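Just below is one structure, and these are the notes that go with it.
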Amino acid sequence: MNNECLFCGIANGDKSKLFWENEVAAAFKDIHPKTPVHILVVPKQHVLNLDELDNQELAGQLLMAVREVAQKAGIKGGWRLQVNNGRSAGQVVDHLHFHLLGGKELAE
Ligand code: 5GP
Ligand code: ZN
């Protein structure tokens, strides 16, 4: 945990603000939702982004977390996962996060 990191603070902070959690990951609603369901799934430990994720077990656990959160959010079968990796890709918060998007028609 990095004390100066926003998402470390949320993931390891007030549990009432979390949508879902397990031992290694947490999920909470995006403050500026782009779709009716817009949830961020993050590791509880500080990882900058996917470039820095070298823990294969954690990588798998995070994807399994995303699946569980999609199910809990009621969007199983129709959701999109987005990762903005690095500043030039739009990453603003320097803690790995998966955008789970759904709750409306996403296909073009
Ligand atoms: P990025 O652009 O880094 O991939 O996405 C960061 C996301 O975090 C944005 O969608 C933004 O709305 C969200 N966000 C930023 N600050 C907060 C916050 O304090 N709480 C929550 N729940 N979401 C935040
Ligand atoms: Zn962090």
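The single condition from (1) surrounded by 16 or more Cβ atoms within 10 Å (Cβ to Cβ); (2) touching a strand residue (DSSP E or B) at 6+ places or on another chain (Cβ under 9 Å) that residue 45 fails is (2). The set of residues in the stretch 11-26 that are closer than 17 Å to residue 66 by Cα and surrounded by 14 or more Cβ atoms within 10 Å (Cβ to Cβ) comprises 11, 18, 19, 20, 21, 24, 25, 26. With respect to residue 38, determine if the residue is in contact (Cβ under 8 Å) with a residue 24 or more places away in the chain and touching a Cys at 6+ places or on another chain (Cβ under 7 Å). No. The set of residues in the stretch 1-37 being β-branched (Val, Ile, Thr) and either within 14 Å of residue 98 (Cα to Cα) or in a loop (DSSP other than H, G, I, E, B) (or both) consists of 24, 31, 35, 37. Here residue 81 clears all of (1) within 14 Å of residue 19 (Cβ to Cβ); (2) open to solvent by 40 Å² or more (accessible area, probe 1.4 Å) except the condition numbered (1). When the stretch 1-45 is examined, which residues are found to be of a type in the set (S, T, N, Q), over 15 Å from residue 81 (Cβ atoms) and modelled with pLDDT of 95 or more? Passing the criteria: 12, 16, 22, 45.
The values are calculated or read from the model by the stated rules, or taken from the named source; none is laboratory data. What you are looking at is a predicted structure, and each value in this text was computed from that prediction instead of being measured. Please note: Cβ atoms are built from the backbone with ideal geometry, for glycine as well, and neighbour counts cover all protein chains shown. Quick note on the areas: whole protein, heavy atoms, side chains included, nothing else; ligands and nucleic acids left out. Shrake-Rupley method; radii C 1.70, N 1.55, O 1.52, S 1.80 Å.
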